[in-house]
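The values are calculated or read from the model by the stated rules, or taken from the named source; none is laboratory data. Source: prediction; values computed, not measured. Heads up, the Cβs are rebuilt from the backbone with ideal geometry, glycines too, and the neighbour counts pull from every protein chain shown.
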Amino acid sequence: MLGAILGDMIGAPYEFDRSPKVKEFPLFSRHSQFTDDSVMTIAVAEALMDTLGKSDGEIKAALVSSMQKWGRHYPHAGYGGMFAEWLHTKNPKPYGSFGNGSAMRVSSAGWLFDSMRETRHIARLTAEVTHNHPEGIKGAEATASAIFLARTGWDKMRIRDYLSREFRYDLSRTCDEIRPSYRHVESCQETVPEAITAFMEGTGFEDVIRTAVSLGGDCDTLTCIAGGMAEACYGIPKEIAEDGRKRLPEDMLSVLDRFRRRTQPESGEK
């Protein structure tokens, strides 16, 4: 999950087509700050940890409560218009979105469950509370699936084959083919395949991050999605993790540390 948050922070300065379209750039700068992607990643993780083993209805209720709580606590993180309205609605309902927000916040679902079936089911629930369009649901499921497969030892070619088959994404293009004409777009169907491709071509955690940023577009979200996959495959270099953690507030670090204990019990008690 930290990989997704790092992707968000590192990609944030280059959002809205400000990417240099190259892989050589300062990894962190004074503009490397978390956005709504990180806030909602934390919110979803907290809700899922609080509801392990509970019913779908209880999970969805917790997701709504947690997302509204964290969104209202960090009101200036850069939410989209419809989602910002949802955050402040008394009885919020899903609104048919296929935006990439469902994919950028789902990384914890790829870590917390022991089967692909449960991973995909929970990913669907995290999307459905807002992004209940089929493409919004698909984006969340595909992202969580890639993380689950990477962390359970699947090689990249098998992961790509699974994602192509199950979600019908076109993963045949290379980053060099995507990069020249790729522009800021906020849909799952034009962000998730590009993030997967950056993950596939990257040779390590940092290289995946740099590759994703080099594509441009909705750079914080694309790199957030790719970063979650990269962490599951490669882990995170200690110095990058430490630099990112310095930029997060204590309440978000508390959830991250709880998540680490849950998913890496050897590092401490669950």
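Take the conditions surrounded by fewer than 15 Cβ atoms within 10 Å (Cβ to Cβ), in a helix (DSSP H, G or I) and not hydroxyl-bearing (Ser, Thr, Tyr) and apply them to Arg165. Does it pass?
Considered against the rule, which asks whether it is surrounded by fewer than 15 Cβ atoms within 10 Å (Cβ to Cβ), in a helix (DSSP H, G or I) and not hydroxyl-bearing (Ser, Thr, Tyr), Arg165 comes out as yes.
Anything in region 196-213 that is of a type outside the set (Val, Ile, Thr), under 21 Å from Pro13 (Cα atoms) and touching a Cys at 6+ places or on another chain (Cβ under 7 Å)? List them, or say none.
Ala198
Residues that are surrounded by fewer than 18 Cβ atoms within 10 Å (Cβ to Cβ) and either closer than 19 Å to Pro193 by Cα or out of contact with any helix residue (DSSP H, G or I) (no Cβ under 6 Å at 6 or more places or on another chain) (or both): does region 138-149 have at least one?
No, the conditions are met nowhere in region 138-149.
Pairs under 7 Å by beta carbon, first residue modelled with pLDDT under 95 in region 58-85, partner part of a helix (DSSP H, G or I), six or more apart or different chains?
So the pair list comes out as Gly80/Gly101.
Give just the number: which of (1) surrounded by fewer than 21 Cβ atoms within 10 Å (Cβ to Cβ); (2) free of Cβ contacts under 8 Å to residues at least 60 places away in the same chain; (3) in contact with a Pro (Cβ under 7 Å, 6 or more places away or on another chain) does Pro94 not satisfy?
(3)
Of Ile236, Ile225, which residue is of a type in the set (Val, Ile, Thr), in a helix (DSSP H, G or I) and farther than 17 Å from Phe25 by Cα?
Exactly one of Ile236, Ile225 is of a type in the set (Val, Ile, Thr), in a helix (DSSP H, G or I) and farther than 17 Å from Phe25 by Cα, namely Ile225.
Do you know which of the residues in region 1-19 that are of a type in the set (A, V, I, L, M, F, W, C) and closer than 19 Å to Arg262 by Cα is surrounded by the fewest Cβ atoms within 10 Å (Cβ to Cβ)?
Filtering region 1-19 for residues of a type in the set (A, V, I, L, M, F, W, C) gives 1-2, 4-6, 9-10, 12, 16.
Keeping just the survivors that are closer than 19 Å to Arg262 by Cα gives 1-2, 4-5.
Values: Met1: 27, Leu2: 22, Ala4: 33, Ile5: 28.
Of everything passing the filter in region 1-19, Leu2 is surrounded by the fewest Cβ atoms within 10 Å (Cβ to Cβ).
Taking region 60-91 on its own, how many of its residues are surrounded by 13 or more Cβ atoms within 10 Å (Cβ to Cβ) and over 24 Å from Thr221 (Cα atoms)?
Qualifying residue count, region 60-91: 1.
Looking only at region 20-50, count every residue that is surrounded by fewer than 24 Cβ atoms within 10 Å (Cβ to Cβ), of a type outside the set (D, E, K, R) and part of a loop (DSSP other than H, G, I, E, B) and tell me the total.
Number satisfying all stated conditions: 11.
Checking the structure you have, find out if any residue of region 171-186 is touching a residue at least 40 places away in the same chain (Cβ under 8 Å) and crowded, with 20+ Cβ neighbours inside 10 Å.
No, region 171-186 contains no residue that is touching a residue at least 40 places away in the same chain (Cβ under 8 Å) and crowded, with 20+ Cβ neighbours inside 10 Å.
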